[in-house]
1. In which sequence would Ile63, Ile78, Ile88 go, from the one with the fewest C-beta neighbours within 10 Å to the one with the most?
2. For each of Arg69, Arg125, count neighbouring Cβ atoms within 10 Å of the residue's Cβ, then give the residues from fewest to most.
3. Using the Karplus equation 6.51 cos²θ - 1.76 cosθ + 1.60 (θ = phi - 60°), what ³J(HN,Hα) coupling, rounded to whole Hz, does each residue of region 125-140 give in order, writing x for Gly and Pro?
Amino acid sequence: MKTHKYLAGLAAAALLCLASAAFADDKSDWAVSKDVKLALLGKLGADALRIDVETKGGNVNLIGTVNKRETKELASTIVKSVKGVGTIDNDLELAATVNNPSAVGAAVTEGEAEVKDATMEATVRWALLDKLGTEGVKVGTETASGVITLEFEKDWSAAKREAAVVAVKGLDGVKKVVSIDKKG
């Protein structure tokens, strides 16, 4: 009889531990989703309001329709910098392609934008090398429609970060510079 009560108590304790672990996972996923949403709003502004964030086991899925191509492209980079994020699935769609998915003009425009971004990316890399020397290679860069994301190691000084931002802001075609820390 004592053995049955002991086993029943042990089983109840095990179930309670499993339930609290599941709750903790849900809570940490909720916290990651919240942190991701705040990071997106802080870096992308109002267009991030159209992004839904779903997190399961630290894996983040971005869903929604955004107006700007740079929002879609920069979202993953920003999410990478958030603590607790594992993998990222960027399922964001552009409003223009959702509204008219068969438009050849939209595809051509997208191709032209990609070429402009690649050219701008090269210009940004050269500016960083010119201003920071070999340290400029350590700065991660991403470009989307004139919005430049600079990704820094956490131990970089404020002065070095500012020098990089100033070097990039002065380039023709740069609309905005977003600065984030590398995850890790």
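Read-outs: derived from the displayed coordinates by stated rules, not from any lab. A quick note: this is a predicted structure, and the numbers were derived from the prediction, not measured. Quick reminder, even Gly has a Cβ in these numbers, built from the backbone with ideal geometry, and neighbours come from all protein chains shown.
1. Ile63, Ile88, Ile78
2. Fewest-to-most Cβ neighbours within 10 Å comes out as Arg125, Arg69.
3. Values, residue by residue: 4, 5, 5, 5, 5, 5, 7, 10, x, 5, 4, x, 5, 6, 8, x Hz.
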